[in-house]
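Presented below is the structure to which this report refers.
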Amino acid sequence: MHNPTTFTIFAPMTNNHKIVDYDAVLDAKFGKEGTPERARAEEAAYSFYSGQILQDARKEAKMTQSELAERTQTTKSYISKIENGVITPSVGVFYRIIAALGMRVEVVKPVY
């Protein structure tokens, strides 16, 4: 769902500090919201971000990729691909990773 709030940022490719509409930047780079191109870009961003969260949690747990792979019945290469956003794990593997890191997933219904 599109958030009607307009975000402003400094244009990353200019030195004149013009403020731009961030939605316009995303539209120009990844296509309009609702298009297949934008959906693919968002999916890639979610994969990368999720991988970074898992990598940070693994490092905080002082665990190597090999140790995490062993605990989740996967491979070091597979863990690396997840952490780098190359692949998105299945729900089952995701929950095994979360459990191996001593974390939990909480699904909360919004209050209206």
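The values are calculated or read from the model by the stated rules, or taken from the named source; none is laboratory data. Everything quoted here is computed from the prediction, not taken from an experiment. Note: ideal-geometry Cβ built from the backbone for every residue, glycine included; neighbour counts use all protein chains shown. Note: accessible area is taken over every heavy atom of the protein model, side chains too, but ligands, DNA and RNA are not part of it. Shrake-Rupley method; radii C 1.70, N 1.55, O 1.52, S 1.80 Å.
If I ask for residues that are basic (Lys, Arg) and either touching a strand residue (DSSP E or B) at 6+ places or on another chain (Cβ under 6 Å) or part of a helix (DSSP H, G or I) (or both), which ones from the stretch 26-61 would you list?
Residues satisfying the conditions are 29, 38, 40, 58, 59.
Go through the stretch 98-112 and give me each residue that's part of a loop (DSSP other than H, G, I, E, B) and either under 20 Å from the mean Cα position of the chain (by Cα) or surrounded by 10 or more Cβ atoms within 10 Å (Cβ to Cβ) (or both).
Within the stretch 98-112, 101, 102, 103, 104, 105, 106, 107, 108 qualify.
Take the conditions of a type in the set (S, T, N, Q), within 21 Å of residue 40 (Cα to Cα) and loosely packed, with under 14 Cβ neighbours inside 10 Å and apply them to residue 52. Does it pass?
yes
So residue 37 fits all but one of (1) of a type outside the set (Val, Ile, Thr); (2) without any contact (Cβ under 8 Å) to a residue 24 or more places away in the chain; (3) in contact with an Asp or Glu (Cβ under 9 Å, 6 or more places away or on another chain); what number is the exception?
(3)
For the stretch 62-97, enumerate the residues that are among the hydrophobic types (A, V, I, L, M, F, W, C), open to solvent by 30 Å² or more (accessible area, probe 1.4 Å) and assigned to a loop (DSSP other than H, G, I, E, B).
86, 87
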